[in-house]
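No value in this document is a laboratory result; all are computed from the given coordinates. Because the structure is a prediction, the values reported are computed rather than measured. Every residue, glycine among them, receives a Cβ derived from its backbone with ideal geometry; neighbour counts consider all protein chains shown.
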Ligand code: SAM
Ligand code: SF4
């Protein structure tokens, strides 16, 4: 790593080569675990990064060692200038991917193919049409399913993100796993996480152990294969032998992945967050618009990164809602 690339290495030796950029704070769904019931105060349009600013700020990160960029939101495909953003970012030496709720995939599939975006994370929390509205407050189930198949028919690598919530969808864990028998997808069960306004409490969360317990009760141990963890992994992955796809568990609450964290987040209004759970943000957009260098600001933010979950080490800290009030809602971070 060259001297300039060292700015993305924190005090614990973690190298940050993965930038997640939120393109906007708006969404066409209202997932209750993500969007507060009263909505959020949206940033004025003038304080959101333009396509040109997204490119230039991303370029600074790339010059300092980022080689992986994921676009998220809100719903990233709602940005009218999404094709322009993608076309600019595709000129950088990075692997590009997106996280989407899938509703607008058919509208953008040509541009995704044109710029060789192969990896798509698609969020879908239920396989039951009538339950989709309960969590998203919108009736778009069939559209998401159709677009999932559209992606697979066009050879995209699809990971399906499933946030598990007690009493809502933990009875669908096995249905999701069984879906991987005939579909080459990776299901990623996500432990429900606390953010401003989402009324999290631990009793609503379905833990890694509970997920594995259900799977182990259904499939014999010689059928369940633990897959090798990816570098800087966030999901521990498994496969049922003979099935086309696989499944993983993102256990940010009960078994976090902080040791290998390589992520930096850039919000739609140009602030960096060095941890999903951190309330601290560093504004890059204002100095960038003033023509100042943002390199030292990035470096300082990375240096301030805590070893584990923004310094929340114990269970009681994680369970304390007061420690999450000042963080953004997930819809304004991007996951
Ligand atoms: N709208 C896009 C989507 O839903 O895929 C991208 C943005 S969304 C904020 C990114 C991811 O964060 C989604 O997979 C969503 O399920 C996840 N997410 C949102 N709120 C969450 C929470 N409280 N706990 C765990 N995951 C959450
Ligand atoms: Fe929108 Fe994604 Fe949040 Fe659902 S999880 S409200 S689709 S941003």
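Nearest-5 percent of antiparallel DSSP beta bridges in the chain? Can you show the working numbers first?
Working: 12 of 45 bridges.
Around 25 percent of the beta bridges assigned by DSSP in the chain are antiparallel ones.
If every alpha-carbon in the range 131-268 counts as one equal scatterer, what log10 I(q)/I(0) does Debye give at q = 0.12, 0.19 1/Å?
-0.54, -1.34
Can you compute the modelled spin-label distance between residue 43 and residue 118, with each label point 7 Å from Cα toward Cβ, in nm?
Modelled inter-label distance: 3.2 nm.
With the crude spin-label approximation of a point 7 Å out along Cα→Cβ, what separation in nm comes out for residue 170 versus residue 26?
A separation of 3.7 nm, rounded to one decimal place.
For the range 189-335, what does the equivalent ellipsoid look like in terms of its semi-axes, each the square root of 5 times an eigenvalue of the Cα gyration tensor, given largest first in whole Å?
Details: eigenvalues 229, 70, 32 Å².
Taking √(5λ) for each Cα gyration eigenvalue gives 34, 19, 13 Å.
Return 79, 202 ranked ascending by Cβ neighbour count within 10 Å, so the fewest neighbours appear first.
Numbers: 79 22, 202 15.
Sorted ascending by nearby Cβ count, the order is 202, 79.
Starting from 0.36 nm per residue, how many nanometres of slack lie between residue 80 and residue 110 once their C-alpha separation is accounted for? Please report the intermediate quantities before stating the final value.
Values: separation 30, 0.36 × 30 = 10.80 nm, distance 1.48 nm.
9.3 nm is the gain from fully extending residue 80 to residue 110.
When the chain is treated as a GNM, springs tying every alpha-carbon pair under 10 Å, which of 228, 53, 75 comes out with the largest mean-square fluctuation?
Most flexible of the set in this elastic network: 228.
How much space per residue, in cubic angstrom, does the convex hull of the C-alpha atoms of the range 229-286 take up?
Convex hull volume per residue, Cα atoms: 112 Å³.
If packing is taken as the average number of other Cβ atoms within 10 Å across a peptide's residues, how do 267-280, 206-219, 95-108 rank, most packed first?
On the way: 267-280: 21.6, 206-219: 16.2, 95-108: 19.6.
Per-residue Cβ counts within 10 Å, averaged per peptide and sorted highest first, yield 267-280, 95-108, 206-219.
Report Rg (one decimal) and Dmax (nearest whole number) for the range 83-137, counting Cα atoms only, units Å.
14.1, 43
Expected output is a single nm value to one decimal: the length gained when fully extending between residue 50 and residue 241, i.e. 0.36 nm times separation in residues minus the C-alpha distance. What is it? Present the calculation step by step, with values, prior to reporting the outcome.
Details: separation 191, 0.36 × 191 = 68.76 nm, distance 4.64 nm.
Taking residue 50 through residue 241 to full extension adds about 64.1 nm, to one decimal.
Please work out how much length the chain gains when fully extended from residue 286 to residue 317, using 0.36 nm per residue of separation minus the C-alpha to C-alpha distance, in nm with one decimal. Could you put the intermediate results ahead of the total?
Details: separation 31, 0.36 × 31 = 11.16 nm, distance 3.27 nm.
Full-extension gain reported as 7.9 nm.
Where q = 0.23 Å⁻¹, what log10 of I(q)/I(0) comes from the Debye formula for the range 143-189, counting one point per Cα?
Per q value, in the given order, log10 I(q)/I(0) is -0.88.
Going by C-beta contacts inside 10 Å, put 133, 149 in order with the fewest on the left.
Values: 133 14, 149 11.
Sorted ascending by nearby Cβ count, the order is 149, 133.
Just round it to a whole percent: the fraction of Cα-Cα distances in the range 59-98 exceeding 11 Å.
Numbers: 507 of 780 pairs.
Here the long-distance tail beyond 11 Å is 65 percent of all Cα pairs in the range 59-98.
Can you pull the semi-axes for the range 1-142, root of five times each eigenvalue of the Cα gyration tensor, sorted largest first, whole Å?
On the way: eigenvalues 175, 61, 50 Å².
Each semi-axis is √(5λ); the values are 30, 17, 16 Å.
Can you sort 109, 85 by how many other beta carbons sit within 10 Å, fewest first? Kindly include the intermediate steps, with their values, before the conclusion.
Details: 109 18, 85 22.
Ordered by Cβ neighbours within 10 Å, fewest first: 109, 85.
For the chain, what does the helix formula give at 222 nm: sum of -39500 (n - 2.57) over DSSP H segments with n ≥ 4, over the residue count, nearest 500 deg cm²/dmol? Walk me through the numbers on the way to the answer.
Values: 11 runs with 93 residues, N = 335.
So the helix-based figure for the chain works out to -7500 deg cm²/dmol.
Using the 2.2 N^0.38 Å rule of thumb for compact globular proteins, work out how the chain stacks up: its C-alpha Rg over that value, please. Walk me through the numbers on the way to the answer.
Values: Rg = 19.3 Å, N = 335, 2.2 N^0.38 = 20.0 Å.
Scaled against compact globular proteins, the figure is 0.96.
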